[in-house]
Amino acid sequence: MIPIIQFDPSSLTLWYDTHLIARMRGSAEIGKALDLALRGADAELVDHIKSIDDSWVSTRASTIAVACWHEKRHFVDFLLTNYGAFRMRQFFSVYLNFPAVISDAQQMGELLVPLQSYREKLFCKHLGLKSPTDSILAIAKNIRDRKKMLGDDMHVEASRFGDIEISGESLLEAVAHHIQTAKAERVFGIEASHLIQKDVPENSIVSQRYTWAYRLLIHSGLINSPGMIGDGLLIDDSPFLPICYGALACRVWGQQQTRTESTSSFNPSERFASLVIGLRDQAADIHKASVIDAWEIVNRTAKKLFDRTIIEEMRADIELEEDFVTKKMSEDFLKSARTAYRDYHELRVRTFERFVEHPEEVLDQRVYSDSTEKGVAPYVIVAASSGEVGDPPPDYSRILGYSDPELAAKREDARWWWAASLKDQNQRVPNRKIALQSQEVWMEIASDLAPFAKLIMDGRNIRTMLGPEIVAAEARLRTTFKINLVVDPRHAYPKGTIPSDFWYYLTGKDTHRCDMTYETVTKPEGLVVGPWALRLRPGFYDALRGSGYPDTTVALAFWRDWSPWFFSEEFREQFERFVVDDTRIANLGN
Ligand SMILES: [Zn+2]
């Protein structure tokens, strides 16, 4: 599926795709709702939604606002929880080592991505690659070890509601989902909130991914459920966020773990299971407890189980980070990455100290929704997936874009941008309470380091908001650093298709024009083709070039547009006849 709005853990930024929003019915109203939600202007948002006559548009505008609250909550949890900090560190360990990777790769003349593939010696020999340096191997091992920890944290359990996944990732989703539904009810009221919950693509299994934790805790007797309203599950939610935060306070700096047969202090899934067991004999108390009392009970139980309260566990994690940031982060590491990590750490310390005194501001959905949420302000990046010709507006900086070295001087369509950010967000965004300070380095991370790290960690097989992110990182390695980049064919492109009903869901329109034949296509017909799938059929690109338009115009347009294309049923047959050839992905310079 293609995201409209997304929190990117690699740069702690919030991205939204303005071109996808532009495809929706009532896009101006929807865009305004997004803007108000980003700024935490709840009262204005409610007035704005009320002023919209078209009920589809008003629901979608509310859905987008709610999605924004969901993504903003991820930012808070990436700051405050040990698990979020671990996920951050995963990227920073690559950023900090950027100079080492580049100089080694230049020495070797080539670089294989993802880096972990270097550990398969026979495979590398088969590809005819040179042996990697020791430090490249060490970084590859570090990436693999961290991935393995995330993999080990993922537990799938059969339940009577189907398979449920318990992991740090699914806990972060459960928390963000809880906040989005709770705040939707508080801001828009219960009826509107039910409409929003139903405003999802057909066939999507949202509930399993987000509501597993409620069901599991109700089943274990730790959360009381008075029943259902319509399709919605009612819960007495006071213990919910405290238990999730207890699980996310994982011990992941290689410290000694506290373990018994049935409990472990290590990763989020084990901690979650340990807490569920450990809290059982206090089920009667935690049911009735306020958020603050539930937090107390979870802390006391953690002390018994793991020898540390949750607060102590969080403090220990922050102290290890402090030690790293102040003593171990040497001058050999990339300067902008050091500056960003310090900025992150300082905000984490401030947010944590406040949290110790006022846990309800984060753990009580009512306090969080009505007040804390409004001051949560990650840096925001605007994506334009079709590529916007020219330069971004004057008060925006380009994050991702392209300017053809020869043609840009001669023709307008040879320069465009895919992502940009409002300048001086520290000054221009009101009420930034939970917010980073060094916008410039974070933007550098979003434009240069994060794409590089993604490529190093996962090859091209990664779901990013914009394909150009990966393509730009590759181009930079090849042209600026003169490194022959080799992509492990098993990670050569992101897989996945977009069902056509998603396009009808997304746009709220019942008819669309075919991008090739211009005929009108009516719901549910048509084929949606993602940008990678288009580029995997070089024959399609060749056919476009033979279609009568000037070659350069077609080449530039195809290079620029990374949004999905929509085809009629008739053109579908023609398109599907073009053979998939992943050795010749159009536009990738190979
Ligand atoms: Zn999420």
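The values are calculated or read from the model by the stated rules, or taken from the named source; none is laboratory data. Keep in mind that this is a model prediction, so the values were computed, not measured. All Cβ positions, even for glycine, are placed from backbone atoms using ideal geometry, and neighbour counts span all protein chains on display.
Values for this structure:
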{"quantity": "Failed item in (1) in contact (Cβ under 8 Å) with a residue 40 or more places away in the chain; (2) under 19 Å from the mean Cα position of the chain (by Cα), with I462 passing the rest", "calculated": "(1)"}
{"quantity": "Residue, nearest to V362 (Cα to Cα), within the range 51-75, restricted to residues that are charged (D, E, K, R) and more than 12 Å from the ligand (Cβ to nearest atom)", "calculated": "R60"}
{"quantity": "From I318, I310, residue being within 30 Å of the chain's Cα centre (by Cα) and crowded, with 22+ Cβ neighbours inside 10 Å", "calculated": "I310"}
{"quantity": "Hey, L79 on the phi < 0 side of the Ramachandran plot, within 16 Å of the ligand (Cβ to nearest atom) and not hydroxyl-bearing (S, T, Y) or not", "calculated": "yes"}
{"quantity": "Checking I136 against (1) under 28 Å from D364 (Cβ atoms); (2) in contact with a Phe, Trp or Tyr (Cβ under 7 Å, 6 or more places away or on another chain); (3) among the aliphatic types (A, V, I, L, M), the condition it does not meet", "calculated": "(1)"}
{"quantity": "In the range 487-499, the residues that are touching a residue at least 60 places away in the same chain (Cβ under 8 Å) and more than 24 Å from A475 (Cβ to Cβ)", "calculated": "I498, P499"}
{"quantity": "Any hit, the range 522-541, residues being assigned to a loop (DSSP other than H, G, I, E, B) and among the polar types (S, T, N, Q)", "calculated": "no"}
{"quantity": "Counted residues, the range 473-499 - those being small (G, A, S) and touching a helix residue (DSSP H, G or I) at 6+ places or on another chain (Cβ under 6 Å)", "calculated": "1"}
{"quantity": "Among the candidates L241, L222, L248, residue that is crowded, with 24+ Cβ neighbours inside 10 Å, over 30 Å from N142 (Cβ atoms), within 31 Å of the chain's Cα centre (by Cα) and in contact (Cβ under 8 Å) with a residue 60 or more places away in the chain", "calculated": "L241"}
{"quantity": "Enumeration of residues in the range 27-50 that are of a type in the set (G, A, S) and either away from the ligand (no atom under 16 Å from the Cβ) or in contact with a Gly (Cβ under 8 Å, 6 or more places away or on another chain) (or both)", "calculated": "S27, A28, G31, A33, G40, A41, A43"}
{"quantity": "Subset of the range 482-508 (residues that are crowded, with 17+ Cβ neighbours inside 10 Å, assigned to a loop (DSSP other than H, G, I, E, B) and at pLDDT 90 or above)", "calculated": "I483, D488, G508"}
{"quantity": "Scan of the range 153-198 for residues that are under 24 Å from K50 (Cα atoms) and away from the ligand (no atom under 16 Å from the Cβ), ordered by number", "calculated": "E185, R186, V187, F188, G189, I190, E191, A192, S193, H194, L195, K198"}
{"quantity": "Candidate set: the range 465-481, residues that are assigned to a loop (DSSP other than H, G, I, E, B) and touching a residue at least 24 places away in the same chain (Cβ under 8 Å); chosen: the one farthest from W562 (Cα to Cα)", "calculated": "F481"}
{"quantity": "Test: residue in the range 124-137 that is basic (K, R), more than 16 Å from the ligand (Cβ to nearest atom) and touching a residue at least 24 places away in the same chain (Cβ under 8 Å)", "calculated": "no"}
{"quantity": "Pair list, Cβ under 7 Å, 6 or more apart: the range 19-45 residue farther than 20 Å from T372 by Cβ and free of Cβ contacts under 8 Å to residues at least 40 places away in the same chain, other residue of a type in the set (D, E, K, R) and in a helix (DSSP H, G or I)", "calculated": "I30/R60"}
{"quantity": "Residue among R259, R251 that is at pLDDT below 95 and closer than 22 Å to E165 by Cβ", "calculated": "R251"}
{"quantity": "So V94, is it in contact (Cβ under 8 Å) with a residue 24 or more places away in the chain, out of contact with any strand residue (DSSP E or B) (no Cβ under 9 Å at 6 or more places or on another chain), β-branched (V, I, T) and more than 30 Å from F188 (Cα to Cα)", "calculated": "yes"}
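Results for (1) buried (at least 17 other Cβ atoms within 10 Å of the Cβ); (2) of a type in the set (A, V, I, L, M, F, W, C); (3) in contact with a His (Cβ under 8 Å, 6 or more places away or on another chain); (4) at negative phi, shown as yes or no for each residue.
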position: S330; (1), (2), (3), (4): no, no, no, yes
position: L334; (1), (2), (3), (4): yes, yes, no, yes
position: R338; (1), (2), (3), (4): yes, no, no, yes
position: D343; (1), (2), (3), (4): yes, no, no, yes
position: E346; (1), (2), (3), (4): no, no, no, yes
position: E357; (1), (2), (3), (4): no, no, no, yes
position: R366; (1), (2), (3), (4): no, no, no, yes
position: S369; (1), (2), (3), (4): yes, no, no, yes
